[in-house]
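Beneath this line is the structure, given in structure tokens, with notes to follow.
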Amino acid sequence: MAAPPHISEDPTLLARSYTSAPRVPPPWTPGRSGELDGPQPWGPRLGNPGPDTGYALTLVGRCVDNLTLGAGEHREDLVSGLAALAAKRAASYGRAPVRHDLDVAVTIWGFASTAIDPELAELRRTTFEGVGDPHHYEARRALVDMVPESALRQTPDAVVQAHAADWRSLFVAGRV
């Protein structure tokens, strides 16, 4: 290769040329812990994953200040529980969460109403207690599993009507 005239060159040295590396590394393969080899696992308490379910947290964060919290209820527990329920509804349709998913979750648990049945208020307080703690996955799963998919798949208006008629009809029989 040519060099500028101000760079001295030793004519006794051999010119360098390209040589391969002494060893070729193996090709990259995915080995991350979150990747699954095969289909999604099924079993008790595993749920049905959906795309971008974390967006439910954004949706809840936008409206949580407008919801009616009862005595002994905490904002972080409410956010975690409602987001999980909205994500379950969205996953049942195979899509990411939207505002209607959150509206259904809020209506089922009676957070949009100021006049609430005392029995539902107590159930809500005990069920949501501690759900915001990341270590309480079992409590969050139990909260989500209390609402059957048949109740979640109703339209928001149908859920409002069902809740007004008998809120117990929106929960799994025997868990309320």
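The values are calculated or read from the model by the stated rules, or taken from the named source; none is laboratory data. Values in this document were obtained by computation on a predicted structure and should not be read as measured data. As a convention, Cβ positions derive from the backbone with ideal geometry for all residues, glycine included, and neighbour counts pool all protein chains shown. These area figures cover heavy atoms from the full protein model, side chains too; ligands, DNA and RNA do not enter into them. Shrake-Rupley method; radii C 1.70, N 1.55, O 1.52, S 1.80 Å.
Counting only protein heavy atoms and a 1.4 Å probe, tell me what percentage of segment 101-149's accessible area is made up of carbon and sulfur.
55 percent
Applying the Karplus parametrisation 6.51 cos²θ - 1.76 cosθ + 1.60 with θ = phi - 60° to the phi angles of segment 85-90, what ³J(HN,Hα) value in whole Hz is obtained for each residue in order, glycine and proline being reported as x?
5, 5, 5, 5, 5, 5
Output wanted: per-residue J couplings in Hz (rounded whole) for segment 37-54, from phi through Karplus 6.51 cos²θ - 1.76 cosθ + 1.60, θ = phi - 60°, x for Gly and Pro.
Rounded to whole hertz, the list is 9, x, x, 4, x, 10, x, x, 6, 8, x, 10, x, x, x, 6, 5, x.
What do you get for the angle between helix 99-109 and the principal long axis of the chain? Use alpha-carbon atoms, 0 to 90 degrees, nearest ten.
40 degrees
Would you work out the charge dipole size for segment 1-94 about its Cα centre, treating the Cβ of every Lys and Arg as +1 and the Cβ of every Asp and Glu as -1, and quote it to the nearest 20 debye?
Details: 8 positive and 9 negative charges, 55 e Å.
Approximately 260 debye in magnitude.
With all protein chains present, how much of the accessible area of segment 1-73 (probe radius 1.4 Å) comes from carbon and sulfur, to the nearest whole percent?
58 percent
Longest segment of the chain with no GluC sites (Glu not before Pro) in a DSSP loop having at most 14 other Cβ atoms within 10 Å?
By the stated rule (loop sites, at most 14 other Cβ atoms within 10 Å), 36-176.
Compute the accessible area per residue over segment 1-155, keeping the other protein chains in place, probe 1.4 Å, unit Å².
Per-residue value: 66 Å².
Under a point spin-label approximation (7 Å from Cα along Cα-to-Cβ), what is the Asp52-Leu36 distance to one decimal in nm?
Once both label points are built, they end up 2.0 nm from each other.
Scan the chain and hand back the longest stretch that contains none of the chymotrypsin sites (Phe, Trp or Tyr not before Pro) lying in DSSP loops with at most 11 other Cβ atoms within 10 Å.
Of all site-free stretches, the longest is 43-176.
Could you check the simple spin-label distance between Arg168 and Val98, using points 7 Å along Cα→Cβ, in nm with one decimal?
Roughly 3.4 nm, to one decimal.
Treat every Asp and Glu Cβ in the chain as -1 and every Lys and Arg Cβ as +1, leave all other atoms uncharged, and give the resulting dipole magnitude about the Cα centre to the nearest 20 debye.
360 debye
In whole Hz, what ³J(HN,Hα) sequence does segment 134-147 give by Karplus (6.51, -1.76, 1.60; θ = phi - 60°), x for Gly and Pro?
Along segment 134-147, the couplings run x, 7, 9, 4, 4, 5, 5, 5, 5, 4, 5, 6, 5, 9 Hz.
Which Cα, out of Ala139, Pro11, Gly43, lies furthest along the positive dipole direction of the chain (beta carbon charges, K/R +1, D/E -1)?
Most positive-ward Cα: Pro11.
Which of these values of Kirkwood radius over Cα pairs in Å was calculated from the structure shown: (1) 19.6; (2) 16.1; (3) 16.9?
(1)
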